[in-house]
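Here is the structure we will look at, set down as structure tokens.
Each value in this text was obtained by applying a stated rule to the coordinates, not by laboratory testing. Since the model is a prediction, treat every value here as computed from it, not as a measurement. A quick note on method: Cβ atoms are made from the backbone with ideal geometry, for glycine too, and the neighbour counts reach across all protein chains shown.
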Amino acid sequence: MTAIYKRELRSYFTGGIGYVYCAVFALVMNIVYCMNSIGYYQSGFLYIFNIMLIAMILLIPVMTMRIWSEEKKQKTDQLLLTAPVTTMQIVLGKFWAAMTVFIISLALTLVYPLLAYLYGTPEPAITIGNYVAIILAAGAYIAISQFMSSLTESQIVSALLSMLTLSMFFFLNLIFTNTDIDFISKIASFLSIITRYVNFYRGIFSFSDVVYFISLTAVFLFFTSRVIEKRRWS
């Protein structure tokens, strides 16, 4: 798995998409921060995480759309599938490479809490909780996007499918919040990323929310491994 991880991480930066992703991510966050914090003379920065969750719906699918789609199109997946590693190890290697790129881009935002601590008194628990939630959410986003990429040879289709699926999980609670069917409303609330994120945003650690994000990530990584395993033996 380590070899797959290094190969994938190297491809992000030799191909330039890793640099582009980090640059665009930092640019979007800086614009939002400047418009809200500097423009309104506020030392708070927690709203950044709300914008980040939404921006990731667009940015992560673009970063990950090539994970399997390009491999299938160029037929280089055959080399991976004949390697002396399990399918899940290949999937995890690609997953952790994408997570590393995301964490690098996220590290660029650490300047915001630093400025907040210099000019205000933010609560450490809330700051840490939001960063933990963003990393957990990013894991789920990447796992979902990787699964979508494994379904098609087209990077564009992969990105669009990922954006659609992530949007569904994100806005699920908002769509069904006013439904008259209580059962559907409860399911939507249970599966909604917004519902699961809100406790972290308030600085409340919820074990069930952590399990939700980890489970969502694990499920889609498993789905991806099944798709690739089927291709391996076809």
Kindly write out, for segment 68-79 in residue order, the coupling ³J(HN,Hα) from the Karplus curve 6.51 cos²θ - 1.76 cosθ + 1.60 (θ = phi - 60°), rounded to whole Hz, with x marking Gly and Pro. 10, 4, 5, 4, 5, 5, 8, 6, 7, 5, 5, 5
Who wins for biggest fluctuation among GLY129, GLY16, GLY203 in a Gaussian network model of the chain, springs between alpha carbons below 10 Å? GLY16
Provide, in order from the shortest bin, the percent of all Cα-Cα pairs of the chain in each 10 Å bin, continuing until the bin that contains the maximum pair distance. 8, 30, 33, 21, 7, 1, 0
Residue-averaged [θ]222 nm for the chain, counting only DSSP H segments that reach four residues, each worth -39500 (n - 2.57): -26000 deg cm²/dmol
List the trypsin sites (Lys or Arg not before Pro) within segment 6-85 that DSSP assigns to loop and that have no more than 13 neighbouring Cβ atoms inside 10 Å. LYS75
Net lengthening on full extension, SER215/ALA125 (0.36 nm per residue, minus Cα-Cα): 30.0 nm
Please work out whether segment 82-193 counts as rounded, prolate or oblate from its C-alpha gyration tensor, where a ≥ b ≥ c are the square roots of the eigenvalues and a/c under 1.5 means rounded, while otherwise a/b larger than b/c means prolate and anything else oblate? oblate
On full extension of the chain, what length is gained from ARG7 through ILE194, given 0.36 nm per residue of separation minus the C-alpha to C-alpha distance? 63.9 nm
